[in-house]
Amino acid sequence: MRLKILLSHLIFYLIIFQANGQILQCKEVINPIQIDETIYTHHTARTSNNNTQYVLNVFFHIVRDDNGNSPAIPDEQIQDAVAMLNIAFNDFDIFFKYMGYDYIDDSSLLSLNINEFNTLQNLPQFRNNALNLFIVDEVTSNNGNLYAGLAQRPGIKSAFTASYFLSATLPHEIGHNLNLYHTYEGWNTQNCEHVDQANHPNCEVAGDYVCDTPASYKVPSGDVVYLNGDFYYQNNSNTTDCLGDIYVNVPIKNFMSNNIYQLNNYYRNLRDHFTPGQGVRMRETIENIPSIFGSIRNTVESLYEPFDVHIEVDYDWVLSETQNHDGTVTTCYGEKIVHVFQKGFDYDFYKWEGGDASNSTFEYSVGRLQLPVNELPLQAVKINQVSNTNIIVFESSAGIRPNPTAHCTTARPNSGKVITSNLDGSNATIRDMNNQELQSSDDEIIQTLESNKRHTLIKDYDNGERKEKTVFKTN
Ligand SMILES: [Zn+2]
């Protein structure tokens, strides 16, 4: 059943693909700092004593027009991007610390020519302590090509065509930033990565320099097969490598594989992983090129800190309620302090009872696809992707705000109901409030109601609020 649904999607998108016919690809801009391949081990698994957790700051720039209108993407998508990056890279102990976003109001950048890419770092908004991700309407070139993404390799800046931002293009370009090549790099050159690594090994010195990504070629469109639960390029053109060996089924789910199919939602999200060898290479890039990556690293502890602390009106906390003499009610509310944590991790929140973290009491969990918004005076957090044992205690001010500024609203009740039952809830009856009751306070109404009953008062106000109160009237 599942396969059937999948195949019908496939057919649908193939039609879309052919109808549109545009191919968006990726462009790399090589960093003038020469990187020597000798910094890499080309291992395809991490050595057991290599446990460093790398935390990289990430900052987003949303480009708008000169007047501050028409942002390339809505800002609420930024948290999804933070989540997507962490989900893609956390297996390799590479984490992204969200440092925020800003707007760049410059109409001339909405359509970003690849020739302008290097000038982005001269903008005052450019951050030298973070990966800089620019989101524009489209990335173009002088000859009219459109690009899904553009990245400096290795480097700390990338740019995205907005409609491709929340797609596999995102980890793809950040992979380039961390000095990954396309899996098919150099396939049509004399020095290609060989299909036959058993007899002609060269994966450490050719192709993408990663040995657990098979030799690949860049194929024309339409050349996709679905085999044993995975998607592959089928080499039905019998394309050969530089030794004359025919490329075999080439996986297309690697983030750094051919992105020719990014045109539609289905294919562009098809790519879903890096290999362990690519993970090792990215870690060695961060570790061994401090001139580029030293300044964007952060601490593991920083991941546990809320990125946003702000004050909101606490509508559950009524400071006062005043019956005015014109039928309206003025209600004043207190305030709460809210902590917002970055999206993309599985969090457990704890209440810290003092002493050390082991005294903490588990309160609740928030999954990686939710935005953790904490309004309780909790002071301890566990991020399961970072450590499944460590609980980090931090200074927390979340919860109700002492001595709040009162936030008052005046509203007129439109309608109301009284639900009356026995104290145990049996024999409930419901009736509408009369005009007299609508203009009275809850306490005044309760005075008039029957004793030894349970009463629930529900009032709807003209500002859309609903207030509900239940009393057990025992005398
Ligand atoms: Zn690329």
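Since every read-out is calculated from the coordinates, none of them should be taken as a lab result. Given the structure is predicted, the values throughout are model-derived calculations rather than measurements. Neighbour counts run over all protein chains shown; Cβ positions are idealised from the backbone, glycine included.
Computed quantities for the displayed model
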{"quantity": "Estimated Rh, the chain: Kirkwood, alpha-carbon pairs, angstrom", "calculated": "26.5 Å"}
{"quantity": "Cα gyration tensor category, rounded, prolate or oblate, for the stretch 355-443 with a/c compared to 1.5", "calculated": "prolate"}
{"quantity": "Mean ellipticity per residue at 222 nm, deg cm²/dmol - from DSSP H runs of n ≥ 4 across the chain, formula -39500 (n - 2.57)", "calculated": "-4500 deg cm²/dmol"}
{"quantity": "Average Cα contact separation per residue, the chain, under 8 Å, 6 or more apart, as relative contact order %", "calculated": "13 percent"}
{"quantity": "Largest-first ellipsoid semi-axes for the stretch 323-376, taking √(5λ) over the Cα gyration tensor eigenvalues, angstrom", "calculated": "36, 17, 8"}
{"quantity": "For the stretch 80-171, share of DSSP beta bridges that run antiparallel, in % to the nearest 5", "calculated": "40 percent"}
{"quantity": "Spatially proximal lysines relative to residue 97 (Cα-Cα < 23 Å; intrachain offsets below 8 disregarded)", "calculated": "157, 343, 382"}
{"quantity": "Spatially proximal lysines relative to residue 473 (Cα-Cα < 20 Å; intrachain offsets below 8 disregarded)", "calculated": "417, 453, 459"}
{"quantity": "Length-normalised contact order of the stretch 75-176 in % [C-alpha pairs under 8 Å, at least 6 apart]", "calculated": "25 percent"}
{"quantity": "Radius ratio Rg over Rh of the stretch 304-406, counting only Cα atoms, Kirkwood formula for Rh", "calculated": "1.13"}
{"quantity": "Using alpha carbons only: equivalent-ellipsoid semi-axes of the stretch 412-473, gyration tensor based, whole Å", "calculated": "21, 12, 9"}
{"quantity": "Beta bridges per DSSP with both ends in the chain, % antiparallel, nearest 5", "calculated": "70 percent"}
{"quantity": "Relative contact order computed over the stretch 412-473 (Cα-Cα under 8 Å; 6+ residues apart), in percent", "calculated": "40 percent"}
{"quantity": "Centre separation in Å (Cα based) which lies between the stretch 397-435 and the stretch 352-391", "calculated": "33 Å"}
{"quantity": "Distance cut-off 15 Å, percentage of C-alpha pairs in the stretch 299-345 lying past it", "calculated": "62 percent"}
{"quantity": "Intensity falloff of the stretch 98-214 expressed as log10 I(q)/I(0), Debye formula with alpha-carbon point scatterers, at q = 0.09, 0.23 Å⁻¹", "calculated": "-0.32, -1.27"}
{"quantity": "Solitary cysteines of the chain, where the nearest other Cys Cβ is not under 4.7 Å", "calculated": "26"}
{"quantity": "Principal-axis tilt of helix 77-89 within the chain, Cα atoms, nearest 10 degrees", "calculated": "50 degrees"}
{"quantity": "Rounded tilt (10° steps) of 276-288 against the dominant C-alpha axis of the chain", "calculated": "90 degrees"}
